[in-house]
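These notes are about the structure you will find just below.
The values are calculated or read from the model by the stated rules, or taken from the named source; none is laboratory data. Small disclaimer: the values here were computed from a predicted structure and weren't measured. Because the Cβ atoms are built from the backbone with ideal geometry, glycine has one as well, and the counts that use them run over all protein chains shown. Ligands, DNA and RNA are excluded from the accessible area calculation, which covers all protein heavy atoms including side chains. Shrake-Rupley method; radii C 1.70, N 1.55, O 1.52, S 1.80 Å.
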Amino acid sequence: MEQNHTKVLNGYHVVFLVQNVMIGSTLLTLPNLLSPAGYSQWWFPLLFALIANLLVLPMIWLVSKYKEHDLFAIHEKLFGRWVGKGLNLFLLGYLIVLIAAICEGYLDLIQVVALPDRTTTWPLFLFFLVLVYITSGGIKSIARYCIMSFFLVTWIIYFLKWGMTDGDIRHALPLFNFTAQELFTATKKGFISMSGFELILFYFPYIIHQQRAFKQASLGIWICAILYLVTVLTSVMYFSIWQLENVLYPVLYLFNAVKLSFLERVDVLAISLWVFFILTTTTAYLWVVKRGIDSIRMAEKKSHLYIVATVIFLFINIPFPKEVQKMIYERVFYINYAFIIWPLFLCIIHLVKPAKEGVK
Amino acid sequence: MKRILPIFLLLLVGCSEQGKQRSVEDLAMASSIAFDMSDEEEMRMTVSLPYPSTESQENTQTYSVDTQLIQEGLVKVSAQADKMVILNQLRTLLFSEEFARNGHVAEVIEHFYRNSTVGNNVRLAIVKERAEDVLRASFLDKPNTDSYLNDLLQPKLHTSFSPFTTMHDFQYTETSPIFYSTVPYLELKEDSVEIARVALFDTGKMIDTISRRESSLMQALKGLDKLSPLAITIHEDGEKEQVHIELIENKVNIKSNRQVASPQLSIELRLQGALYEYKGNKDLGKEKEYKRLETEISQRIKKDVEELIEKMRELEIDPIGFSEYFRMYYDGKWTEELTEQIIKSVAYEVTVDFNLLNTGTLK
């Protein structure tokens, strides 16, 4: 379906790619991640969206200087072939661990909620089967899948109604009564929910109307922020501060509050449906990893995808001790922050670097 | 073939998983659990397991075990029952008064709250004597005790004096520095169970109960907009008048002066109701006497509200959540000490405005 450097992504594709890749598993734990800020946390998604929107600026500026190339190629152009390839290799390692972290985080939840009496190896295998299938269709297939899963899953936001009616709106008065330290901790832990928009660095060459990409990306970011806002606001209304701090998956408990005569456990339904969001996030990252290997080996092969998927699958199944695993996955999220700011440096390097070295 | 392969694999996986699956027939879904004190160390846990279709005469099986840990207790019950006990369908948790007064309710709730297979809408109730007796009682005209209890503890207009505490509500009020928990208090009668009073909690321990009437006013102050019917007795000039009011619409407006150091509250209740029954000497056809009745009812409710607040002040608890009106403006971390301070020192002014909508279809 996909042909190299053929422009395939229209405006809708870009909007949904940006926003659906952002909503991964973190939405389920977001109120808990933001709990250092107490009840004031509900407006944090707005703050995050603003920061993300500002961070998109240098990214779009950079890639619009290299309209035909993705970040892997830009690295090689800016730093020379070998340093660039080294950087790309590091990036690939990071992305692989990141995909593993997302999958594992979701699997842990599924294990707790839906399949307490089974191992998750088979579900994981099935998950990977679908993952590879979607990814092999190329970026347009991923974008279409994003649109589809958005409409398939976002309606469950309706189930927040119960939490809202049971909740207490008085919790949400903006008091700003947190210390700078708490603000920092909440941002540090919570901003991870916004990561995903940076992938535009990789699929930018495929966008048809590149000059509109910034507008479309911003739209995606704000749709996502509104979804976050509704969820976090409902949590703030529904829970006490202790519950926000101690309940690991607050969104699960919000769905738990739903009272329907024909459906008992909405939370299990919601968590199972969540697989669509996890798939959209991981499939986009997987596609980037595949592109990365293509660029390092300077050849486009389907087999790269299968190899990468197998590596990640095996990586998840390595029985790391829990603390090592936790350490690795936490570090990955810090690298993610570094990566989001990285284009800013690239912009500076681009400006400093004299134009003669073959830079367009 | 290439396209069919994934589907084929999927089916294959489905088959392999089938063998491990537990079938519904092997499971017993606990629907109510009662907790009593056994001795100092152990608690007595009574689990009721409804069997939807059975050839036995009883369609519910009830097992009691003495245990220190809840999960251990469930394993012990499974050892007696012919099926494996699971909690996915748990609806009701009952605690004896003794158990609640010893402060064990919070531990039990925290255990179940942690368990993701238990829904958060499980309803709680305190039982006057032994909670076990309620589950073991047979109510001749009820299909089974579990569904009877479940229906009884669901919110309904006529019983809306009851707080209908779910597990989430209890956990919420227990962990919040503002609120104090309230739980319906049941009494076992000869052939029924009655929500007789409402139990009050202070930091995990049951400390007292209040009457249904007081609880109804408490619900009004908490902002419930439809109240249970009120029976009011007015003593005016030595004469006794009785009124029964239904369909009461409630609007509550509470304002604080936002100052924790010298807290003040103005509480305004606006009630509307229909007069269903009246015993007294007033001629309600006359506008003047009709108005006078309204004023008398307002004054009576005002007095009751003030008495209720004084009672809460004596007990040093805040189940209505008056402190929230100060916390919502308070810059800093709110603590339980601040709530206590508010309750002890708050000056309040109550105004009740009762509006009689009609007196039925007769003049």
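Counting only C-alpha contacts under 8 Å and six or more residues apart, can you give the relative contact order of region A:30-98 as a whole percent?
13 percent
So, with a 1.4 angstrom probe, what is the percent of accessible area on chain B that is carbon and sulfur?
In chain B, the share of accessible area belonging to carbon and sulfur is 49 percent.
Relative to the Cα centre, what is the charge dipole magnitude of chain A, using +1 at the beta carbon of each Lys and Arg, -1 at the beta carbon of each Asp and Glu, and rounding to the nearest 20 debye?
Around 1160 debye, computed over chain A.
Working from the pairwise distances between different alpha carbons, so that the mean of 1/r is found and then inverted, what is chain A's Kirkwood radius in Å?
Evaluated on chain A, it is 21.2 Å.
Once fully extended, how much extra length lies between A:Leu273 and A:Trp122, figured as 0.36 nm per residue of separation less the alpha-carbon to alpha-carbon distance?
Going from the current span to full extension adds 52.6 nm.
Sorted by accessible area with a 1.4 angstrom probe, largest first, how do A:Leu92, A:Leu173 fall?
A:Leu173, A:Leu92
Compute, for the protein assembly as shown, the length of the dipole vector about the Cα centre, with Cβ point charges of +1 (Lys, Arg) and -1 (Asp, Glu) only. Units Debye, rounded to 20.
4880 debye
Compute the FRET efficiency between A:Ile51 and A:Leu175 as 1/(1 + (r/R0)^6), taking r as their Cβ-Cβ distance and R0 = 22 Å, and round to the nearest 0.05.
It comes out at approximately 0.50.
To the nearest 0.05, what FRET efficiency results for A:Leu263 and B:Glu239 with a Förster distance of 51 Å applied to their C-beta separation?
The formula returns an efficiency of 0.35 here.
From the P(r) of region A:287-353, could you give the percentage of C-alpha pairs in the tail past 14 Å?
The calculated P(r) of region A:287-353 puts 73 percent of pairs beyond 14 Å.
Compare each residue of region B:151-175 in its chain alone against the assembly with all protein chains, and report those whose accessible area goes down by 50 Å² or more; 1.4 Å probe, heavy atoms.
Output list: B:His168, B:Tyr172, B:Thr175.
Going from most exposed to least, what order do A:Glu182, A:Glu245 have by accessible area with a 1.4 Å probe?
If we order A:Glu182, A:Glu245 from most to least accessible, we get A:Glu245, A:Glu182.
Per-residue HN-Hα couplings for region B:25-39, Karplus 6.51 cos²θ - 1.76 cosθ + 1.60 at θ = phi - 60°, whole Hz, x for Gly and Pro?
With coefficients 6.51, -1.76 and 1.60, one gets 5, 8, 10, 10, 8, 4, 10, 9, 10, 10, 10, 10, 7, 9, 8 Hz.
Probe of 1.4 angstrom, ligands and nucleic acids ignored: what's the accessible area per residue over region A:220-303, in square angstrom?
32 Å²
Which of A:Ile139, A:Ile241, A:Ile221 moves the most in a Gaussian network model of chain A with Cα springs under 10 Å?
Most flexible of the set in this elastic network: A:Ile241.
With a 1.4 Å probe and every protein chain kept in, tell me what percent of the accessible surface of region A:20-158 is carbon plus sulfur.
C and S fraction of accessible area: 73 percent.
If you place +1 on the Cβ of every Lys and Arg and -1 on the Cβ of every Asp and Glu, how big does the dipole about the Cα centre of region A:117-204 come out, in debye to the nearest 20?
220 debye
Pull up all non-local amide H partners of B:Gly103: gap of 5 or more, or a different chain, and H-to-H distance under 5 Å with H placed in the peptide plane.
B:Met206
Which whole-number percent gives the relative contact order of chain A, counting Cα pairs below 8 Å spaced six or more residues apart?
That works out to 41 percent.
Using a 1.4 Å probe, how large is the accessible area of B:Lys76, given in Å² and rounded to the nearest 10?
Counting only protein heavy atoms, B:Lys76 exposes about 70 Å² to solvent.
Among A:Ile142, A:Ile271, A:Val63, whose Cα lies farthest out toward the positive end of the dipole of chain A, if unit charges sit on the beta carbon of Lys, Arg (+1) and Asp, Glu (-1)?
Checked the options; the winner is A:Val63.
So what is the relative contact order for region B:211-330, in percent, with contacts set as C-alpha pairs under 8 Å and at least six apart?
In percent, rounded to a whole number, it is 25.
So which residues of region A:225-266 lose at least 40 Å² of accessible area, probe 1.4 Å, when you go from the chain by itself to every protein chain present?
When all protein chains are present, A:Tyr238, A:Ser240, A:Trp242, A:Gln243, A:Tyr253, A:Asn256, A:Lys259, A:Glu264, A:Arg265 each give up 40 Å² or more of accessible surface.
Quick check: pseudo-label points 7 Å beyond the Cα along Cα→Cβ at B:Glu194 and B:Arg213, how many nm apart are they?
Going by the 7 Å Cα→Cβ label model, 1.5 nm.
Tell me, what is the FRET efficiency for B:Ser345 and B:Thr295 to the nearest 0.05, using R0 = 22 angstrom and their Cβ-Cβ distance as r?
FRET efficiency, B:Ser345 to B:Thr295: 0.10.
Express the accessible area of region A:309-350 per residue in Å², computed with a 1.4 Å probe while the remaining protein chains stay in the model.
The answer is 58 Å² per residue.
Give me a comma-separated list of calculated 3J(HN,Hα) values for region A:220-235, in order, Karplus coefficients 6.51, -1.76, 1.60 applied at θ = phi - 60°, integers in Hz, x for any Gly or Pro.
x, 4, 6, 4, 4, 4, 5, 4, 4, 4, 4, 5, 5, 4, 4, 4
May I ask you to give the percent of accessible area on region A:241-360 that is carbon plus sulfur, with a probe radius of 1.4 Å?
The C+S portion of the solvent-accessible surface of region A:241-360 is 70 percent.
Return the distance in nm (one decimal) between the two label points of a simple spin-label model at A:Glu323 and A:Lys353, each offset 7 Å from Cα along Cα→Cβ.
According to this spin-label approximation, the distance is 4.3 nm.
Amide H neighbours of B:Gly119 under 5 Å, counting only residues 5+ apart in sequence or on other chains, H built in-plane at 1.01 Å?
B:Leu90
Given a 1.4 Å probe and no ligands, DNA or RNA in the count, how much accessible surface is buried by B and A, both sides, to the nearest 100 Å²?
Using a 1.4 Å probe on protein heavy atoms, the buried area is about 3100 Å².
Any idea of A:Trp342's accessible area? Nearest 10 Å², probe 1.4 Å.
70 Å²
Given a 1.4 Å probe, how much area per residue of chain B is accessible, in Å²?
Averaged over the residues of chain B, the accessible area is 50 Å².
Give a residue-ordered list of calculated ³J(HN,Hα) values for region A:131-146 (Karplus: 6.51 cos²θ - 1.76 cosθ + 1.60, θ = phi - 60°; whole Hz; x for Gly, Pro).
4, 5, 4, 5, 5, 5, x, x, 5, 5, 5, 5, 5, 5, 4, 4
Would you mind checking the pairs A:Lys161/B:Lys333; A:Lys140/A:Lys301; B:Lys83/B:Lys128; A:Lys188/A:Lys326 and listing those with alpha carbons more than 21 angstrom apart?
Violating the 21 Å Cα-Cα cut-off are A:Lys161/B:Lys333; B:Lys83/B:Lys128.
Where both residues lie in the protein assembly as shown, what percent of DSSP beta bridges are antiparallel, nearest 5?
DSSP beta bridges in the protein assembly as shown are roughly 65 percent antiparallel.
Just to be sure I understand the model, the point goes 7 Å from the Cα along the line to the Cβ. What's the resulting A:Glu182 to A:Ile226 distance in nm?
The two pseudo-label positions are separated by 3.0 nm.
At 0.36 nm per residue, minus the direct Cα-Cα distance, what do A:Thr310 and A:Trp43 gain on full extension? Give it in nm, one decimal, please.
92.1 nm
If you rank B:Lys189, A:Lys302 by how much accessible surface each has, with a 1.4 Å probe, what is the order from largest down?
Output order, biggest surface exposure first: A:Lys302, B:Lys189.
Which cross-chain or sequence-distant (5 or more) residues have an amide H under 5 Å from the amide H of B:Ser38, H modelled 1.01 Å from N in plane?
B:Met43, B:Arg44
When all protein chains stay in place, what accessible area (Å², nearest 10, 1.4 Å probe) is found for A:Tyr145?
Answer for A:Tyr145: close to 30 Å² accessible.
May I ask you to find the residues of region A:176-197 that are shielded by at least 10 Å² of accessible area once the whole protein assembly is considered instead of their isolated chain (probe 1.4 Å)?
So the qualifying set is A:Asn177, A:Glu182.
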